[in-house]
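Below is one structure; the comments refer to it alone.
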Amino acid sequence: MRKIELFIETVLFQSRWILAPFYLGLALSLLLLLYHFVIQLAEFVIKIPFAKEADVILGVLGLIDLTFTGNLIVIVIFSGYENFVSRIEAGKRDRPGWMTKVDFGGLKQKLVTSIVAISAIAVLKAFMNLEHYDNTRLAWLVGIHVLFLGSLLAVVLADRIAAPIEHPTESRTGGKAP
């Protein structure tokens with residue numbers, strides 16, 4: 001019976017590698033996003049001599065939006081792979097500091113924070129371009145953004161309740177100095 005249990009546990013443990021192609025697909029989507037970014041940047045550069053200030057701001061916000069989306073993909077790839085598949089051994093020398101510090105709770109917070117930032121840019125772009133939006137569409141954009149903000153607050157509160165942060169003056173020895 002122990003051999004069957006060990007076999008099942010080994011299969012389940014090794015099944016995490018099924019996620020690896022998902023992360024490779026996300027890396028490919030990052031390249032596709034780069035392609036779209038370069039096209040949008042080229043169009044922006046061509047139009048810049050004739051653009052109004054609002055158009056320049058909208059163009060820059062579009063580029064920031066794509067950059068945030070790229071950051072979101074990188075966070076998901078690195079943190080997801082390290083949390084659920086295997087440690088990343090490549091690139092130790094220039095490894096971003098956050099990679100070793102982001103656990104699943106931190107990953108959730110970073111993801112939702114990135115989504116809130118992307119949503120905020122969409123709302124800002126709409127307000128910079130009011131003539132192309134009706135009140136209903138603006139209300140939906142703002143409502144969805146508020147929903148994302150509420151989701152971020154809920155994730156942060158849930159993580160805080162699950163693992164309260166210890167005040168720096170407290171110690172794990174019951175309030176006594178170590």
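If only the Cβ of Lys and Arg carry +1 and only the Cβ of Asp and Glu carry -1, the dipole of the chain around its Cα centre is close to 600 debye.
Between helix 104-128 and the chain there is an angle of about 10 degrees, using the helix long axis and the longest principal axis of the Cα atoms. With neighbour counts taken as other beta-carbon atoms within 10 Å, the residues 114, 79, 151 rank, fewest first, as 151, 114, 79. In the chain, a dipole from Cβ-located charges (positive for Lys and Arg, negative for Asp and Glu) runs towards its positive end, and of 133, 63, 163 it is 163 whose Cα lies farthest in that direction. The modelled label-to-label distance between residue 127 and residue 3, using points 7 Å beyond Cα along the C-beta direction, is 6.8 nm. A P(r) calculated from all alpha carbon pairs of the range 18-162, with 10 Å bins opening at zero, reads 10, 29, 33, 20, 7, 0 percent.
For the chain, the longest principal axis of the Cα atoms and the long axis of helix 2-14 meet at an angle of about 20 degrees. Rounded to the nearest 10 degrees, the angle from helix 53-84 to the longest Cα principal axis of the chain is 10 degrees.
Quick note: the coordinates plus some simple rules give every number you see, no bench work behind them. Predicted model, so just to flag it, every value in this text is computed and none were measured. A quick note on method: Cβ atoms are made from the backbone with ideal geometry, for glycine too, and the neighbour counts reach across all protein chains shown.
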